[in-house]
Amino acid sequence: KGIPAGEALVEADTANAEAHNWLGWMYLLDGKADKAEEALRRALELDPQLVSARFHLARLLLLDGQESSAAIEYRRVVAEDLSGALRDQALHALQEIEASQSSTPGEKKDGEVISRLNYSLGLVLSTNTARTASTVSNSVP
């Protein structure tokens, strides 16, 4: 249901950065990384200050193993998130990245990092679900 609704929303208003962000997040949760990245980058083209899209892009990059690129995006979230809603989660992710990069290969605890990332994904999803549901219900005829 989520992806078709997001696609309909984007189709109805191609200049809606929030719609692209939401669709990108749905693609990410569905394991469609290429489509997710495309939608999230489009959201940021439309609205470079859309912190949630930047946070979702950082999450995607991290899950794709692009730690350095993810760290850059997380740092931007920290700098740009005036409300603080995603700032703390971005700081936590940065700490995880730094810990992962500073440990020797034998010390990396990939399972623990993945577990923490999944927990963070749950937090972000629950944080954004209410706002997204409201946006979709008000935008889709």
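Summing Lys, Arg as +1 and Asp, Glu as -1, what charge do residues with Cβ under 10 Å from the Cβ of Glu73 carry, Glu73 excluded? Mind showing how you got there, number by number?
Values: positive: Arg54, Arg59, Arg75, Arg76; negative: none.
So the environment of Glu73 carries a net charge of +4.
Shape verdict for segment 1-56, please, from the Cα gyration tensor: rounded (a/c under 1.5), prolate (a/b greater than b/c) or oblate.
oblate
Please report the net charge: other residues with Cβ closer than 10 Å to the Cβ of Ile3, K and R +1, D and E -1.
On the way: positive: Lys1, Lys32, Lys35; negative: Glu7, Asp30.
Local charge sum for Ile3: +1.
Laboratory data are not the source of any read-out in this text; all were calculated from the coordinates shown. None of the values given here were measured: they were computed from a predicted structure. When we count neighbours, we look across all protein chains shown, and the Cβ atoms used for this are built from the backbone with ideal geometry, even at glycine.
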